[in-house]
Amino acid sequence: MSTSAPDFESLLRQALQPIDPPADMVVRLELTLVNLTQAAQEELDAWELSAMRDPRNWVRPAAAAVVGVSAGTALVVLRVRARHRSRRQQSRNPFELAGRTLRDVAVEARRIARSDRSPSRQRAARC
């Protein structure tokens, strides 16, 4: 029994050894999040207000809103986190770092919101 214990521990160490993620994982994840956000936006653009009288029609727009908000939030977090090291080097104290991070979150959220707007929504927003 005692001879199998060291083998079991070494097997566990080998199995639980950290591995590096693929080099292009961040790019693929960002592309997937962008595609999800755009698909949700297109679904919401195709939605008609007159169809909302029937509660059975509420599922698709609600799901599109949840997916769009979730993917957009994850995209903001991913992009802000990627620039965290440079912000940390530029900041003199934790309060300044927090301020820079919040500004970066706001800028990135605006950028994503603008890129998700289709030309028809931009025209409607101007009217």
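The values are calculated or read from the model by the stated rules, or taken from the named source; none is laboratory data. None of these values were measured; they are calculated from a predicted model. Ligands, DNA and RNA are excluded from the accessible area calculation, which covers all protein heavy atoms including side chains. Shrake-Rupley method; radii C 1.70, N 1.55, O 1.52, S 1.80 Å.
Summary table below
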quantity	calculated
Exposure of F8 as accessible area (Å², to 10), given a probe of 1.4 Å and all protein chains	130
Most fluctuating residue given options A15, A51, A82, as computed from a GNM of the chain linking Cα atoms under 10 Å	A15
Listed residues L36, L16, L44, most fluctuating in the chain (Gaussian network, C-alpha, under 10 Å)	L16
Per-residue ³J(HN,Hα) for the range 10-17, Karplus 6.51 cos²θ - 1.76 cosθ + 1.60, θ = phi - 60°, Hz, x for Gly and Pro	5, 5, 5, 4, 5, 5, 9, 5
Area projected by the alpha carbon convex hull of the chain, averaged over all directions, nm²	15.3
Expected 222 nm ellipticity per residue - DSSP helices of 4 or more, -39500 (n - 2.57), all of the chain, to 500	-25000 deg cm²/dmol
Three-way shape call for the range 33-75 based on the alpha-carbon gyration tensor, with the a/c threshold at 1.5	prolate
Fraction of accessible area attributable to carbon and sulfur, the chain (%, probe 1.4 Å)	61
Accessible surface ranking that places the most exposed of R110, R56 first, with a 1.4 angstrom probe	R56, R110
Most mobile of Q38, Q90, Q17 in a GNM of the chain (Cα contacts under 10 Å)	Q17
Rounded accessible area per residue of the range 23-64, 1.4 Å, Å²	77
